[in-house]
Amino acid sequence: MWPRWCGMQAGRLLSKNPLHDIFLIESAKFFRDRRFVYINFQALGCRLNEAELETWANQFMQLGHQVTTDAGEADVVVFNSCAVTAQADRKSRQHIGRLQRRNPRARLVVTGCHASLNAEAVKAYLGVDLVVDNQQKEGLVDQALQLLGGEDEIAASESAALTGSLNPLLLRGRHRGFIKIQDGCRYRCTYCIVTIARGEERSRSETEILAEINRLHRQGVQEIALTGVHVGGYGSDIDSGLYRLLNEILEHSEIPRIRLASVEPWDLPPEFFRLFDNPRLMPHMHLPIQSGCDTVLRRMARRCKTAEFERLVDKARTAIPRFNVTTDLIAGFPGETEREWRQSMDFVARTGFGHIHIFPFSARAGTKAARLPGQVDGATKKARSREMHALAVELKHRELLQHIGARVEVLWEQQVNSDAGQWIGYTPHYHKILSLNSDIQASSISEVDVDAISEDGARLVNHASLARIALADIGRYVG
Ligand code: SF4
């Protein structure tokens, strides 16, 4: 895309920001001398965007470059943008402006759905040096290095061996590796812009996925989550499937904890939940239902109706007791009558969910739903979202209550209060749990008792080391 930096860049950029050009010329000389660059990664949106950042970070580090969590000191900033809602589009635009102001010297590489759907506009944004659309993401690292005058100019330094063993994920303070297994989707849900931005389904090979998982495990990562646009469609283009892939991972990897990120509630084989007999596969699935009313689901062109969804959830909960199902739900879809909304509320209350992401309908230009009659007014969307949120809080409490008294294995992720030795982690059912035990290490797994639910109803609590809390604090926890 970019032949030698100086020529092409200068020619194109003089028109937009002379100061920026001087930065580029000077810094190119600087990079050649330093022989590696600092790269900062940013993403908005889905787990797939996160997974892609991790892959690129690893590729850059394998080439001897350094990951920095500070955009201000980076030579290159890679931003993986989002366009799932109008708000996400706006946030992506604003974030690009913020990154440019934060570090005008850096090369700004923008990719992701916002960039893919608005490529020409994004190219014209101040400070953007390179736009890589979703279909070209595989080659992002090469293109970014071309920006700096060509990979062979900034060849792998002797520090490659050093940086190669470090995991960018842990460097960025994360403890769960998102593994991209596929991209794109063959379906056309009427509200969905992702299927337009990401294109047709394409799967990564099982070998590549396994190699990435085993590398992450060697580098100290204890948990991975498989992600994609249509995870259930994995392998449709390579004569494989999600069931087979999970079996391969369980057989040919030793990573202790394997999760599934969001999975559309169809295209799953009947024996699918047998896989969860293996305790390394975490008993939680995020199955987006989007509406609890069949007439709305029809207008959404969703492939799963309420009865099928209910059967799927029953199967999961029969196969694995206390299996946690979380979901996404759109409030105020075009044409949604009060009667349809009541049906949705009743269905959600009847099914029960550990967590619900609630989205007021957002019309996306280019989607069928944006042109449907009966667009619901903002106030009604807000009121329905609030009502569903109140129900979601109740259902979450009911879900968490099931775990009181259990002994669970927790992956500890974050110390929230070093004085009190307060740590947050996740249980296998994907519930946040708080413990006061200063012996905990980040990314370690240990067993604790579940003794309570936090007052805000959002987390489980391990009492074991409550004695160490100053008496004054006791009131915050309800047993
Ligand atoms: S299945 Fe998911 S990704 Fe595919 S069109 Fe529907 S909502 Fe979009």
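The values are calculated or read from the model by the stated rules, or taken from the named source; none is laboratory data. Just so it is clear, the structure is predicted and the values come from calculations on it, not from any experiment. For neighbour counting, all protein chains shown are included, and Cβ atoms are generated from backbone atoms with ideal geometry for every residue, glycine included. The area values use the complete protein model at the heavy-atom level, side chains included, leaving out ligands, DNA and RNA. Shrake-Rupley method; radii C 1.70, N 1.55, O 1.52, S 1.80 Å.
What the table shows:
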{"read-out": "Placed amide H near residue 178: partners under 5 Å, 5+ positions off or other chain", "value": "225"}
{"read-out": "Packing-based ranking, highest mean first, of 230-243, 266-279 given that Cβ atoms within 10 Å are counted", "value": "230-243, 266-279"}
{"read-out": "GluC sites (Glu not before Pro) within the range 165-230, DSSP loop, no more than 15 other Cβ atoms inside 10 Å", "value": "200"}
{"read-out": "Hz values of 3J(HN,Hα) by residue in the range 258-271 - Karplus curve (6.51, -1.76, 1.60), Gly and Pro given as x", "value": "10, 10, 10, 6, 5, 10, 4, x, 8, 6, 9, x, x, 8"}
{"read-out": "Interchain or long-range residues, amide H under 5 Å from residue 444's placed H", "value": "412"}
{"read-out": "Whole-angstrom Cα spans of the range 262-401 along principal axes, big to small", "value": "47, 31, 23"}
{"read-out": "Surrounding net charge for residue 286, when Lys and Arg each add one and Asp and Glu each subtract one, Cβ distance under 12 Å", "value": "0"}
{"read-out": "Distance between modelled label sites at residue 280 and residue 200, nm, 7 Å Cα→Cβ extension", "value": "3.4 nm"}
{"read-out": "For the range 168-400, alpha-carbon Rg relative to the globular expectation (2.2 N^0.38 Å, N residues)", "value": "1.06"}
{"read-out": "Proximal charge balance of residue 413 [Cβ under 15 Å; K/R count +1, D/E count -1]", "value": "+4"}
{"read-out": "Between the range 239-270 and the range 423-439, the Cα center-to-center distance that results, in Å", "value": "25 Å"}
{"read-out": "Residue-span extension gain [residue 404 to residue 377] - 0.36 nm each, minus C-alpha spacing", "value": "5.6 nm"}
{"read-out": "Length gained when the stretch residue 301-residue 121 is fully extended (0.36 nm per residue, less Cα-Cα span)", "value": "61.7 nm"}
{"read-out": "Theoretical ellipticity at 222 nm over the chain - DSSP helices of four or more residues, -39500 (n - 2.57) apiece, nearest 500", "value": "-11000 deg cm²/dmol"}
{"read-out": "Reduced Cα scattering model of the chain, Debye log10 I(q)/I(0), q = 0.06, 0.07, 0.08, 0.11 Å⁻¹", "value": "-0.30, -0.41, -0.54, -1.02"}
{"read-out": "Among the listed pairs 91/137; 137/368; 91/382; 91/432; 137/381, those beyond 25 Å (Cα-Cα)", "value": "137/368; 91/432; 137/381"}
{"read-out": "Quarter of Cα convex hull surface for the range 158-262, i.e. mean projection, nm²", "value": "7.8 nm²"}
{"read-out": "Per-residue HN-Hα couplings for the range 220-225 [Karplus 6.51, -1.76, 1.60; θ = phi - 60°; Hz; x = Gly/Pro]", "value": "x, 7, 9, 9, 10, 10"}
{"read-out": "Cα gyration tensor of the range 33-115 - equivalent ellipsoid semi-axes, whole Å, descending", "value": "23, 15, 8"}
{"read-out": "Crossing angle, helix 378-401 versus the chain [Cα axis fit, 0-90 degrees, rounded to tens]", "value": "70 degrees"}
{"read-out": "Förster radius 45 Å - calculated FRET efficiency between residue 447 and residue 87 (Cβ-Cβ, nearest 0.05)", "value": "0.65"}
{"read-out": "Net length gained if the chain between residue 368 and residue 319 were fully extended (0.36 nm per residue, minus Cα distance)", "value": "13.9 nm"}
{"read-out": "Fraction of accessible area attributable to carbon and sulfur, the chain (%, probe 1.4 Å)", "value": "54 percent"}
{"read-out": "Residue-normalised accessible area of the range 160-273, given per residue in Å² at a 1.4 Å probe", "value": "36 Å²"}
